[in-house]
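Note sheet for the following structure.
The values are calculated or read from the model by the stated rules, or taken from the named source; none is laboratory data. All figures in this text were calculated on a predicted structure; none of them were measured in a lab. Cβ placement follows ideal geometry from the backbone for every residue including glycine, while neighbour counts extend to all protein chains displayed. Heavy atoms of the whole protein, side chains included, go into the accessibility calculation; ligands, DNA and RNA do not. Shrake-Rupley method; radii C 1.70, N 1.55, O 1.52, S 1.80 Å.
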Amino acid sequence: MSSTTEPIIQSPPSTRTLLLLGPPGCGKGTQAERLARNFSIPAISTGEMIRAEIRASSELGKIAAGVTITGGLLSDELVNKIIKSRLSQPDCAAGFMLDGYPRTVDQARYLGELMAGMGFSQPSVVHIDVPAEQLIARTCNRRFCPQCGSIFNLQSHPPKEAGLCDNCHIELQQRSDDCEETVKNRLAAYERSTAPLIDFYQSRDYLRVDGTRSPDVVFQSILDSLH
Ligand code: ZN
């Protein structure tokens, strides 16, 4: 149990549809979990959806499994069919939260029509924004102990003795030497694919949240801004 006080919980409205956007490392996973719990709605990621279809051995699941095994990319058409199937499940009746879908403006248009057709209100888009330099610092200051697996962060959670594991007193390691380069490339790819989506949603129900603050503050500010 954490000792931090939980923010005030809002009572859920009849339906709540959310769409989460944010770069890798922005803390989206934590917020997704807390929002889903707060509103009692399922958190649906593309991976979760596809795994569910494959588990159910549905027609779509079989096609998706085939594409995944050969290392191919799922087409818009297939992903759209899978989302339609997922949103038709009973646990989505009171709403849902999407993470990782839509990825393209075409998918976003499809989702808008699909939701309207199913009687859902259009989604509130929550964009967790963290500047690139900070994401690079968060990720690249991470160190781990090769013996016990403890994770440290030179900035936010440094070891007691510089460079050494608190438990084993052996030298901490970094996952990759070209961390900054790797993270920069990953962020650039994210920007390229997400910028058109942000353009698309900006004129709609769009909320930009400053993700540089603590998870509690970010969570509370999302709740405060949702209507
Ligand atoms: Zn250790």
> Using alpha carbon coordinates only, what is the Rg to Rh ratio of the chain, with Rh defined as the Kirkwood radius?
Replying inline: 1.01
> How much FRET efficiency would the formula 1/(1 + (r/R0)^6) give for Ser193 and Asp224, where r is the Cβ-Cβ distance and R0 is 25 Å, rounded to 0.05?
Replying inline: 0.30
> Picking from Val217, Ser193, Gly47, whose Cα lies most toward the positive end of the charge dipole for the chain (charges on Cβ: Lys, Arg +1; Asp, Glu -1)?
Replying inline: Gly47
>> With +1 assigned to the C-beta of every Lys and Arg and -1 to the C-beta of every Asp and Glu, and no other charges, what is the dipole magnitude of the chain about the Cα centre in debye, to the nearest 20?
In response: 380
>> Suppose we keep just the DSSP beta bridges with both residues in the range 16-220; what percent of those would be antiparallel, to 5?
In response: 25
> Stretch Gln134-His157 to full length: gain in nm at 0.36 nm per residue minus the Cα-Cα span?
Replying inline: 6.8 nm
> What FRET efficiency, computed as 1/(1 + (r/R0)^6) with R0 = 25 Å and r the Cβ-Cβ distance, is obtained for Ser214 and Val105, rounded to the nearest 0.05?
Replying inline: 0.15
> On the accessible surface of the range 43-93, probed at 1.4 Å, how many percent belong to carbon and sulfur atoms?
Replying inline: 60
>> As a test of the formula, what do you get for the chain when each DSSP H run with n ≥ 4 contributes -39,500 (n - 2.57) and the sum is divided by the residue count, at 222 nm and rounded to the nearest 500 deg cm²/dmol?
In response: -14500 deg cm²/dmol
> Measuring with a 1.4 Å probe in the full set of protein chains, what accessible area per residue, in whole Å², belongs to the range 16-220?
Replying inline: 53
